[in-house]
Amino acid sequence: MSSPAKAPHRLHHTAYVTKDLEATRRFYEDLIGLPLVATWCESDELFGAMRTYCHTFFELEDGSALAFFQFEKPEDQALFGPTLPPSPFHHIALHVGREAQDGIERRLRAAGYAEPGMYVLEHGYCRSLYVEDPNGMLVEFTHDLPEAITPDAHEARREKAHRELARWLAGDRTSNNTFR
């Protein structure tokens, strides 16, 4: 009998392509507060051609990172950095405490961010601040409602997760968000 597979223990990084690494650095480091912790300048043979690029890492508190590539050649930039879809349902969400969320929102407003490039949604179980980064990517900074993240609440959601998915897929679209 084989032993169960071990799950990954944390996100190492998630990577995106940017056309302007300095604008990206200013946004993530100066406004959001994620320190630039590594910059790799590289050339690799990839898909039949030499590709020269710069790869930067902005660190989150747990050691994971948001990473961005900028390519030397415009054709590589176009090939590997397609335009992101203009959708609020395609985004990255980062967990923050309320104080951090308030600070990020203040700095963004002071830098001129406003709707529609920045907005807040109250989901009931969390408050989310959404902002478009210099690359057109939507980034969510979410703060959980304390009563939504208790061990009992977490366990109750976990216990019902498969049933709730099956119910929804079967056509029952009734909301189960009791925090709204």
Reported set for region 111-129 where residues are open to solvent by 90 Å² or more (accessible area, probe 1.4 Å) and in a loop (DSSP other than H, G, I, E, B) is Glu115, Pro116, Tyr125
Across region 150-166, what is the total count of residues that are within 26 Å of Leu121 (Cα to Cα), open to solvent by less than 100 Å² (accessible area, probe 1.4 Å) and either assigned to a helix (DSSP H, G or I) or in contact (Cβ under 8 Å) with a residue 12 or more places away in the chain (or both)? 8
For region 130-140, indicate whether the set of residues that are open to solvent by 60 Å² or more (accessible area, probe 1.4 Å) and part of a helix (DSSP H, G or I) is non-empty. no
Take region 4-36 and flag every residue that is of a type in the set (A, V, I, L, M, F, W, C), under 22 Å from Arg109 (Cβ atoms) and in a loop (DSSP other than H, G, I, E, B). Leu34
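Quick grid of which residues meet (1) buried (at least 16 other Cβ atoms within 10 Å of the Cβ); (2) modelled with pLDDT under 95; (3) farther than 30 Å from Tyr113 by Cβ; (4) touching a Leu at 6+ places or on another chain (Cβ under 9 Å):
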position: Met1; (1), (2), (3), (4): no, yes, yes, no
position: His9; (1), (2), (3), (4): no, yes, yes, no
position: Leu21; (1), (2), (3), (4): yes, no, no, no
position: Ile32; (1), (2), (3), (4): yes, no, no, yes
position: Pro35; (1), (2), (3), (4): no, no, no, no
position: Glu42; (1), (2), (3), (4): no, yes, yes, no
position: Phe57; (1), (2), (3), (4): yes, no, no, yes
When only residues in region 48-60 that are of a type outside the set (Phe, Trp, Tyr) and under 14 Å from the mean Cα position of the chain (by Cα) count, which is nearest to Leu36 (Cα to Cα)? Glu59
Can you tell me which of Gly136, Gly117, Gly112 is in contact with a Leu (Cβ under 6 Å, 6 or more places away or on another chain), under 14 Å from Phe27 (Cα atoms) and among the small types (Gly, Ala, Ser)? Gly136
For region 96-110, how many residues meet the condition of being in a loop (DSSP other than H, G, I, E, B) and surrounded by 13 or more Cβ atoms within 10 Å (Cβ to Cβ)? 1
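The values are calculated or read from the model by the stated rules, or taken from the named source; none is laboratory data. Quick caveat: nothing in here was measured; it's all calculated off a predicted structure. We place every Cβ from the backbone using ideal geometry, glycine too, and count neighbours over all the protein chains shown. Only protein heavy atoms, including side chains, enter the accessible area calculation; ligands, DNA and RNA are left aside. Shrake-Rupley method; radii C 1.70, N 1.55, O 1.52, S 1.80 Å.
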